[in-house]
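As structure tokens, the structure follows; a few thoughts come after it.
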Amino acid sequence: MYKIAVIGRGLIGSAAGRHLSMISDGVAVIGPGEPKDTVKHDGVFASHYDEGRMVRFVDPNIPWSITAKRSIERFSQLEIDSGVNFFTTSGYLGLQGPEFLDYLEGSEFSAKTVNANFKRINVDEIRKDYPFLSIDDNTVGLVESGLAGHISPRNMVKAQTKIASQFGADIIEHEVKKISLNNKAVEITLQNNEKLLAEKVLVATGAFTDACDLLPKSLNLVVYGRTVVLAEIDEHIGKILCNMTTMYVADSNAYILPPIKYPDGKTYLKIGIGSKSDKILNSRSELIEWFQGKGSDKDFREFREYISNLIPSLQECDNWHTKSCAVTQTSTGLPYIDYVVEDRIAVATGGNGKAAKSADDWGLFAAQMIVNDNMDHPVSHEELQLPKSEGNVPRDL
């Protein structure tokens, strides 16, 4: 019997597995690997099957800034310990018009709180430092240097998993079908009907948390299907964008990654735009169908036009692609890291579209909670607890 089983090997789950393996024996980290054929795959998916996620200290929400700083400052050592490279320091540029000054001011306040290396720049400075952009005269920018940049989430999960294994954790590459309680343990049933036992279980299954009915009640998470657009960058355009940073545009809620080399050997610039009009995915079958597809054709057309206007050199791109992604929103805007059943079954989920930069620290928080370690963390547990909701419908375990 395991002491602790982590179900889910995404960004938060793999981080929790690593931290647990370093402070406890008897750890299992359970979850399938990346499918070779997404179209034919009929099991669970994860959004970390990608090469680009922006990471930075600045965020209008202080807990995200705090955990981002703590996570990002560990990246270099994580690369050394695992032998897996996943982190690139490229800098960050936030853009906004006068209608969204609250975003800039909130980000500046958080940046000061965590001593980020940042500065505000005006439109003339933006045009001088980022000549590839086409922006309005009233645009304001926020620049973060230092450790701001991007990660390969795919390789970060690989690094976390490798170290967890080195510290003695069992990595079990299967999907979990069911969790049930008995008097002495939590019983975990895999999709192949094999059964495992653990004293405690941490569920970190991202967008599939409610859809797979593993927990005794719904967490009322809202899962949005998001379309990501990739523009293939040739050598000519690559030279124009050689100094490009990661970017966020507050007015449109667009996040943009600089040209990054992908496993197919090609280089892509990536854009996504979050919107409340994104499709809501409620069931396991809806999630699987979404991930098997290529996202929204309407979003593709709109995103391509948007990014081509913002970065005019992209109008020369001949090859464009789309991918499906999912964003898991909580009611608090922070992850839920809390016990669901006494002190036996806990949850760590809800990336709210920005888990990558803070995932390692959210995983540490969950690990410390599970082993009843001294919770010496600047974010209080109260901020991450599940809301008391009368609408949750209990399920039998």
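The values are calculated or read from the model by the stated rules, or taken from the named source; none is laboratory data. Bear in mind the structure is a predicted one, so any value in this text is a computation, not a measurement. Here Cβ is always computed from backbone atoms with ideal geometry, including for glycine, and neighbour counts include all displayed protein chains.
Tabulated results
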| read-out | value |
| --- | --- |
| Residue, nearest to Asp213 (Cα to Cα), within the stretch 178-188, restricted to residues that are in contact with a strand residue (DSSP E or B) (Cβ under 7 Å, 6 or more places away or on another chain) and surrounded by fewer than 16 Cβ atoms within 10 Å (Cβ to Cβ) | Lys178 |
| Of the criteria (1) among the charged types (D, E, K, R); (2) surrounded by fewer than 21 Cβ atoms within 10 Å (Cβ to Cβ); (3) closer than 24 Å to Arg154 by Cβ, which one Lys357 fails | (2) |
| Some residue of the stretch 274-281 being at pLDDT 95 or above, part of a loop (DSSP other than H, G, I, E, B) and more than 23 Å from Ala355 (Cβ to Cβ) | no |
| Residue check for Glu383: of a type in the set (Asp, Glu), within 20 Å of the chain's Cα centre (by Cα), assigned to a helix (DSSP H, G or I) and surrounded by fewer than 16 Cβ atoms within 10 Å (Cβ to Cβ) | yes |
| From Lys69, Lys119, residue being within 19 Å of the chain's Cα centre (by Cα), assigned by TED's automatic domain parsing to the domain that holds Val143 and of a type in the set (Lys, Arg) | Lys69 |
| The lone exception for Asn352 - which of (1) buried (at least 16 other Cβ atoms within 10 Å of the Cβ); (2) over 24 Å from Phe45 (Cβ atoms); (3) without any contact (Cβ under 8 Å) to a residue 40 or more places away in the chain it fails | (2) |
| Pair list, Cβ under 9 Å, 6 or more apart: the stretch 34-49 residue not assigned by TED's automatic domain parsing to the domain that holds Cys325 and small (Gly, Ala, Ser), other residue surrounded by fewer than 14 Cβ atoms within 10 Å (Cβ to Cβ) and part of a loop (DSSP other than H, G, I, E, B) | Gly43/Gln191 |
| Failed item in (1) charged (D, E, K, R); (2) in contact with a Ser or Thr (Cβ under 9 Å, 6 or more places away or on another chain); (3) closer than 20 Å to Ile4 by Cα, with Asp210 passing the rest | (3) |
| Hey, Lys200 in a strand (DSSP E or B) and free of Cβ contacts under 8 Å to residues at least 40 places away in the same chain or not | no |
| In the stretch 207-225, the residues that are crowded, with 23+ Cβ neighbours inside 10 Å and touching a strand residue (DSSP E or B) at 6+ places or on another chain (Cβ under 6 Å) | Ala207, Thr209, Leu214, Leu215, Val223 |
| Restricting the stretch 55-82 to residues that are in a helix (DSSP H, G or I) and among the basic types (Lys, Arg), the residue that is surrounded by the most Cβ atoms within 10 Å (Cβ to Cβ) | Lys69 |
| Residue match in the stretch 155-173 (condition: among the charged types (D, E, K, R) and outside the structural domain of Val201 (by TED's automatic domain parsing)) | no |
| Residue in the stretch 203-213 that is among the polar types (S, T, N, Q) and part of a loop (DSSP other than H, G, I, E, B) present | yes |
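Residues checked against (1) part of a helix (DSSP H, G or I); (2) more than 20 Å from the chain's Cα centre (by Cα):
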site: Val84; (1), (2): no, no
site: Lys112; (1), (2): yes, yes
site: Lys128; (1), (2): yes, yes
site: Ile135; (1), (2): no, yes
site: Asn138; (1), (2): no, yes
site: Gly141; (1), (2): no, yes
site: Val157; (1), (2): yes, no
site: Gly168; (1), (2): no, yes
